[in-house]
2 protein chains.
Amino acid sequence: MREHGGNLDLAQQRFGGRAEDWIDLSTGINRLPYPVGDIAVHHWHALPSRSEIEALHRAAQHAYGTSAPVVATGGAQAAIQLLPQLAPRGRARILAPTYNEYAPLLSAAGWEVEQVRELDALAGANLAIVVNPNNPDGRCHARKDLLALLPRVDRLVIDESFADAVSELSLASDAGRPGLLILRSFGKFYGLAGLRLGFAIGDAADIAKLTAASGPWPVSGAAIAMGCRALRDDAWASATSARLARDSVRLDEMVQRQDWRLVGGAPLFRLYETPDALAAQEQLARCRIWSRVFTQQPTWLRLGLPGSEGEWARLAEVLAR
Amino acid sequence: MREHGGNLDLAQQRFGGRAEDWIDLSTGINRLPYPVGDIAVHHWHALPSRSEIEALHRAAQHAYGTSAPVVATGGAQAAIQLLPQLAPRGRARILAPTYNEYAPLLSAAGWEVEQVRELDALAGANLAIVVNPNNPDGRCHARKDLLALLPRVDRLVIDESFADAVSELSLASDAGRPGLLILRSFGKFYGLAGLRLGFAIGDAADIAKLTAASGPWPVSGAAIAMGCRALRDDAWASATSARLARDSVRLDEMVQRQDWRLVGGAPLFRLYETPDALAAQEQLARCRIWSRVFTQQPTWLRLGLPGSEGEWARLAEVLAR
């Protein structure tokens, strides 16, 4: 398994404690999640029905502001796993550094993979990948720049896993144009990563292919129940977006007294340049706060946002030491 | 979407009623499910960890009586979706009639697909598929016959989705032999189809390929929590197996007064030959009991087993009319 955040089992093996003792800031998963609430028993017992899955798709279209074809998948990751099946293998270009599943997955499927540093360098690719906002550095691309790129590649995948709280960046409303495929994560913004729910939004042909590759029951009954509820809760989404914007500033201010520099971030995580990320991770881990480091970038430390005031206080205390 | 049981939304569209008014016997899903119980909050919020997924794999090995490599998937169906990726396309042979996803899925992936009627006719295939016991007709194959077939094909997939209650049929303990791949469904026997959990068991190379194709978080936190609990509950499994065996006989006896003939069945469903399956389906549906018919076999009616005594009574009443 490749290096990922959320690997709290490793933190426990190295530093001890039970899972519930830890504040896991190693991911960009919202720590004040959408309330789980009741799940009707039939969602556990019965196969998800076609009409339930369609209701989930309509809820996603509502939340993401699109009328383009949608398919629900077991997380954005499940959609990523299917990308190599969308077209015959060819040349993939990935705007890097970014989420570390794309390159090895496409390489393993026989694609020629090139990681490039600028948007313009994606032109000419059969498959171009842009994570917007980007993980882990928060780099953003304007809608007009991405739309200008679209005719210069065969297929443009925009991974909007972290776009919920910055919806002005989203190209979901442009989905349906040939060659444009948008990936969305449900679990991060709604704080329900264990549910395994995400979406692909695109033109009818691509979504038909992804639907066939996902099979008749691509997500669980619980994912349908909670997705239908949460994705229609506009008040919760806008309050959460506002809070995450405030909390991003709060975290940046809190670490100012450290010898850390903000590299960038999205509303669910912040990336800091530190003198020694492993040392910083260990300092936090001794107080049961888990963070994300990057083998390839030994100065980078990524922190998710604390949730409750208790979590903020504990982080402040550790940083003040 | 291809024709499947569990399509209660269609039943409601045609015959009315709310989902909870219906007794859905159109699938082979246990109607007295394993109790859902509590699911710890972190299973909703956090990404499934590597150690949790490994614990689930160990629970599956325990339940299925194997020490071979295992990978959890979003239902047996999710494993089926990945079969075309196991080897370069070639000649697939399927013991038919059977579960109707195999043939179109392999055809669409460019395999040459042949449906054969006898086990022996599978010999020579690059990929041979046997559902054991078979859905929908309950046909069974002895372990020794399947093991004798193994060296005569490149890869033998045994779909044991309905084998839980007839574990003497299972080849799970033989898994690990090169070319043998066993698929298991969690949702049917445990009555939790909405959870989307299944397993593939095989040799290390095949399981490594399926693991890579499934990605780092192939199943939900709830599936891990419930799978770990249910798959270790030997007492529940053996009591349920005994009940399903008794109830299969009970259903066969109950329909004797109809002009129906038992074609075959597994402990979770029974297949009857009727003078007119659509008419029989409609008779049951008017009393909100849903059943499975087969376009290709207009006399076949498949019934799952009722659960509660109330369900048995309602079925008896409808059949007595």
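How many of the residues in segment B:209-249 are farther than 19 Å from residue B:60 by Cα, touching a Gly at 6+ places or on another chain (Cβ under 7 Å) and of a type in the set (Val, Ile, Thr)?
Here the count works out to 0.
If we scan segment A:106-114, do we find a residue that is touching a residue at least 40 places away in the same chain (Cβ under 8 Å) and either more than 30 Å from residue A:124 (Cβ to Cβ) or not acidic (Asp, Glu) (or both)?
no
With B:6, B:74, B:65, B:28 as the choices, which residue is at positive phi and modelled with pLDDT of 95 or more?
Result of the check over B:6, B:74, B:65, B:28: B:65.
Does residue A:34 satisfy the condition of being within 25 Å of the chain's Cα centre (by Cα), aromatic (Phe, Trp, Tyr), surrounded by 20 or more Cβ atoms within 10 Å (Cβ to Cβ) and more than 19 Å from residue A:221 (Cα to Cα)?
no
Table: residues versus (1) more than 17 Å from residue A:97 (Cβ to Cβ); (2) surrounded by 23 or more Cβ atoms within 10 Å (Cβ to Cβ); (3) not charged (D, E, K, R).
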site: A:126; (1), (2), (3): yes, no, yes
site: A:133; (1), (2), (3): no, yes, yes
site: A:137; (1), (2), (3): no, no, no
site: A:143; (1), (2), (3): yes, no, no
site: A:146; (1), (2), (3): yes, no, yes
site: A:157; (1), (2), (3): no, yes, yes
site: A:176; (1), (2), (3): yes, no, yes
site: A:179; (1), (2), (3): yes, no, yes
site: A:183; (1), (2), (3): yes, yes, yes
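Kindly evaluate residue A:61 against the criterion of being surrounded by fewer than 21 Cβ atoms within 10 Å (Cβ to Cβ), within 10 Å of chain B (Cβ to nearest Cβ), of a type outside the set (Gly, Ala, Ser) and out of contact with any His (no Cβ under 7 Å at 6 or more places or on another chain).
In short, no.
Among the residues that make up segment B:228-237, is at least one of them surrounded by 16 or more Cβ atoms within 10 Å (Cβ to Cβ) and either among the hydroxyl-bearing types (Ser, Thr, Tyr) or touching a Leu at 6+ places or on another chain (Cβ under 7 Å) (or both)?
yes
Could you figure out which of (1) of a type in the set (Ser, Thr, Tyr); (2) away from chain A (no Cβ under 12 Å); (3) crowded, with 23+ Cβ neighbours inside 10 Å isn't true of residue B:66?
Of (1) of a type in the set (Ser, Thr, Tyr); (2) away from chain A (no Cβ under 12 Å); (3) crowded, with 23+ Cβ neighbours inside 10 Å, only one is false for residue B:66: (3).
If you take the residues in segment B:163-199 that are within 13 Å of another protein chain (Cβ to nearest Cβ) and not hydrophobic (A, V, I, L, M, F, W, C), which one is nearest to residue B:239 (Cα to Cα)?
B:190
Do you know which residues across segment A:1-57 are of a type in the set (D, E, K, R) and either facing another protein chain (nearest Cβ under 10 Å) or within 17 Å of residue A:281 (Cα to Cα) (or both)?
A:2, A:3, A:9, A:14, A:20, A:21, A:24, A:31, A:50, A:52, A:54
Report whether or not residue B:85 is on the phi < 0 side of the Ramachandran plot and at the interface with chain A (Cβ under 10 Å from one of its Cβ atoms).
For residue B:85, the condition - on the phi < 0 side of the Ramachandran plot and at the interface with chain A (Cβ under 10 Å from one of its Cβ atoms) - is met.
How about segment A:102-124: which of its residues are under 21 Å from residue A:78 (Cα atoms), out of contact with any strand residue (DSSP E or B) (no Cβ under 6 Å at 6 or more places or on another chain) and surrounded by fewer than 18 Cβ atoms within 10 Å (Cβ to Cβ)?
A:104, A:108, A:109, A:110
Which residues, taken from segment B:151-210, are of a type in the set (S, T, N, Q) and closer than 15 Å to residue B:65 by Cβ?
B:167, B:170, B:173
The values are calculated or read from the model by the stated rules, or taken from the named source; none is laboratory data. Computed from a prediction, not measured in an experiment: that's the story for all the values here. Here the Cβ is made from the backbone with ideal geometry for all residues, glycine too, and neighbour counts use every protein chain on show.
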